[in-house]
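Bear in mind that the values in this text are calculations on the coordinates, not laboratory data. This structure is a prediction, so every number in the text was calculated from the model and none was measured. We place every Cβ from the backbone using ideal geometry, glycine too, and count neighbours over all the protein chains shown.
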Amino acid sequence: MRLICSTQIVKYLAIVLVFSFLFLSTTIISEETPEVKKGRELYQSKGCVACHTIGEGKLSGPDLKGVTERREEKWLKEWLKSPDKMVFTDPIAKEMLAEYMVPMPNQGLTDEEVVEIITYLKFEDSK
Ligand code: HEC
């Protein structure tokens, strides 16, 4: 009798575990909207990874962890659209150039791609 009870408990626990895992994995996936995925793909395919990490330190460019918190969205949009122009006009950009010594090249992003990359960076910052 005692043995049956403990097997039942084990079964019950196993079911609870499986369900909580399923629940957790779906909540994680559901945060990854199609826009986030597109942004991540662009981030990788447009060469950002050659000069940036997210949370793993500086390369030739700054670590982008927290960038959506330290910069205004409007600033980020302008920057991703035309870093090559802003580097001569914007005080924040000038300061960064003085530190990094390399001007970030214009990656030829469309307005839509800029929004998708910012959405991805926000997703990374929300972790
Ligand atoms: C050749 C290297 C290089 C590439 C490629 C590059 N960046 Fe940069 N990025 C930099 C540098 C260097 C800076 C610092 C400003 C400067 O010196 O022009 C910077 C600055 C930034 C900033 C501002 C960081 C802050 O702290 O405010 C963002 C955001 C950014 N880059 C995003 C991107 C994204 C997204 C891509 C890909 C589409 C990309 N970068 C591609 C080198 C690069």
Check: Applying the selection to the stretch 32-62, what residues are in contact (Cβ under 8 Å) with a residue 24 or more places away in the chain, away from the ligand (no atom under 11 Å from the Cβ) and over 16 Å from I118 (Cβ atoms)?
Finding: G55
Notebook entry, point to check: Conditions: (1) more than 9 Å from the ligand (Cβ to nearest atom); (2) in contact (Cβ under 8 Å) with a residue 60 or more places away in the chain; (3) assigned to a helix (DSSP H, G or I). E113 meets all but one. Number of the miss?
Noted result: (1)
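If I ask for residues that are within 22 Å of L42 (Cα to Cα) and touching a helix residue (DSSP H, G or I) at 6+ places or on another chain (Cβ under 7 Å), which ones from the stretch 84-104 would you list? Steps first, answer last, please.
Narrowing the stretch 84-104 to residues within 22 Å of L42 (Cα to Cα): 84-86, 102-104.
Selection gives M86, P103, M104.
Here's the yes/no breakdown for (1) within 21 Å of D125 (Cα to Cα); (2) in a loop (DSSP other than H, G, I, E, B); (3) of a type in the set (A, V, I, L, M, F, W, C):
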| residue | (1), (2), (3) |
| --- | --- |
| E35 | yes, no, no |
| V49 | yes, no, yes |
| L64 | yes, yes, yes |
| T68 | yes, no, no |
| K77 | yes, no, no |
| F88 | no, no, yes |
| E95 | no, no, no |
| A98 | no, no, yes |
Check: Which one of these does P103 not meet: (1) assigned to a loop (DSSP other than H, G, I, E, B); (2) over 14 Å from the mean Cα position of the chain (by Cα); (3) without any contact (Cβ under 8 Å) to a residue 24 or more places away in the chain; (4) surrounded by fewer than 14 Cβ atoms within 10 Å (Cβ to Cβ)?
Finding: (4)
Margin query: Of all residues being polar (S, T, N, Q) and surrounded by 11 or more Cβ atoms within 10 Å (Cβ to Cβ) in the stretch 63-91, which is nearest to the ligand (Cβ to nearest atom)? Just the residue, please.
Written below: T68
